[in-house]
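Novice: Pasting a structure here, questions to come.
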Amino acid sequence: MGIGQYGLMIVVLNVLLDQIGLPVPAVPTLIVAGAIGADGQMPLAGLFIGSVIACLVADCGWFLVGQKYGIRVLKTLCKISLEPDSCVSQTQLRFERWGVNSLIIAKFIPGLAIIAPPMAGAMRIGWMRFVALSTCGAALWVGSGLAAGVLFKSQIVRLLEHMNAIGGITGAGVASLLTGYIAYKWWERSRFYKMLRMARISVDDLYKLIQAGAAPLIIDVRSSTARALEPRWIPGALHVPLQDVADRLTDLPRDRDIILYCTCPSEASAARVAKILMNHGFKTVRPLHGGLDAWVAAGYAVEGGP
């Protein structure tokens, strides 16, 4: 299987799988392909165009999924993500901060690359605008990878020659590194979920607490984007997004039960806020088990949209 005959197809397939969300990093492939292309063994123009098209195919697919399923697909993506914490909080925050223009730089930021297209679809961004921004982002990302390969062509070619000389050992080493990376991320993920196993309150217990007149302070910690995509909330809930908690500490009472909820997997954002509050001396702080989804599923009243 020669590089000239099959290299282009391999690179484009790698980019497509990476953009779909599989753990097969495409940046190293693009850099090596840029070096090989600069050496005349693969067409640089073909590599660039094919890789950009692969990005667009994946992005448009995620955009359609976001249009059809809305915030539900974002919850699913964060649930299966190797980095559920950053998926929940940081990616939505960045999308909020930069808006739809974040599509241009999304591929350079872990997590945002996969979340941005379905989020754009969920927010009903126009097709033409989405394709234009996604194309710009793909061209910038692919071009950067290929350009790095061209720039360091001599060093990469020498490295490839050494790797070719030791053959199977190199392949085993690369496979081991990839396996180790995935294993480390899964370990981080399991550690994150262990951190979430703090005292939580069920929706039934919260309802009973309210009915008993205990007047707990209920805080909606969802980002503004998440709240706009699902515009309903528990009656009387105070909206304090995760990124604003530090600035609102002095406004929160220390003599009341504080119940936190979100719509993210395993109450990730609510648990993070609970940890922040407890670190600042708040005593009775509990995430709502199942979040807003569990409250709605139980048939309890909500305010806002349908």
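Novice: List the pairs from Lys68/Lys208; Lys208/Lys275; Lys68/Lys107 whose alpha-carbon separation is above 26 Å, in the order I gave them. Show your work: numbers first, answer last.
Specialist: On the way: Lys68/Lys208 36 Å; Lys208/Lys275 24 Å; Lys68/Lys107 23 Å.
Correct reply: Lys68/Lys208.
Novice: Report the label-to-label distance for Ala214 and Ala183 in nanometres (one decimal), using points 7 Å from each Cα along the Cα→Cβ vector.
Specialist: A separation of 4.5 nm, rounded to one decimal place.
Novice: Still on this structure, I have one more. So, in nm, how far is label Ala228 from label Ile276 when the simple model puts each one 7 Å beyond its Cα toward the Cβ?
Specialist: Modelled inter-label distance: 2.0 nm.
Novice: While we're on this one: What ranking of Phe108, Phe63, Phe282 emerges when the number of other C-beta atoms within 10 Å of each C-beta is taken as an exposure proxy, fewest first? Show your work: numbers first, answer last.
Specialist: On the way: Phe108 13, Phe63 24, Phe282 16.
Sorted ascending by nearby Cβ count, the order is Phe108, Phe282, Phe63.
Novice: For labels at Asp251 and Leu140 in the simple 7 Å Cα→Cβ model, what's the distance in nm?
Specialist: 3.3 nm
Novice: Add +1 for every Lys or Arg and -1 for every Asp or Glu among the other residues with Cβ under 11 Å from the Cβ of Phe282, and state the total.
Specialist: Summing Lys/Arg as +1 and Asp/Glu as -1 gives +3.
Novice: Using a Förster distance of 35 angstrom, determine the FRET efficiency expected from the C-beta separation of Tyr6 and Val131, and round it to 0.05. Each step should come with its number before you reach the end.
Specialist: Values: r = 29 Å, r/R0 = 0.84.
After rounding, the FRET efficiency stands at 0.75.
Novice: By count of other Cβ within 10 Å, fewest leading, how are Asp251, Asp244, Asp293 ordered?
Specialist: Listing Asp251, Asp244, Asp293 from fewest to most nearby Cβ atoms yields Asp251, Asp244, Asp293.
Novice: For a label point 7 Å from the Cα of Gln243 along Cα→C-beta, name the residues of segment 134-149 whose backbone N is under 12 Å from it.
Specialist: none
Novice: Could you calculate the contour length gain from Asp205 to Ala298, that is, 0.36 nm times the residue separation minus the distance between their Cα atoms, to one decimal place in nm?
Specialist: 32.3 nm
Novice: Give me Cys262, Cys55, Cys60 sorted ascending by neighbouring Cβ count inside 10 Å, so fewest comes first.
Specialist: The most exposed by this proxy come first: Cys60, Cys55, Cys262.
Novice: Grab the other residues whose beta carbon is less than 14 angstrom from that of Tyr300, score K and R as +1, D and E as -1, and report the net.
Specialist: Computed value for this residue: -2.
Novice: What shape does segment 203-304 take by its C-alpha gyration tensor, where a ≥ b ≥ c are the square roots of the eigenvalues and a/c under 1.5 counts as rounded, a/b above b/c as prolate, and the rest as oblate?
Specialist: Oblate is the answer for segment 203-304, as a/c is 1.5 or above yet b/c matches or exceeds a/b.
Novice: Would you tally the net charge around Gly145, using a Cβ to Cβ cut-off of less than 14 Å, leaving Gly145 out, and scoring K and R as +1, D and E as -1?
Specialist: Values: positive: Lys107, Lys153; negative: Asp18.
Charge balance near Gly145 sits at +1.
Read the figures in this text as sums done on the coordinates, not as results from a lab. Just so we're clear, the structure is a prediction, and the values are computed from it rather than from any experiment. Cβ atoms come from the backbone with ideal geometry, glycine included; neighbour counts cover every protein chain shown.
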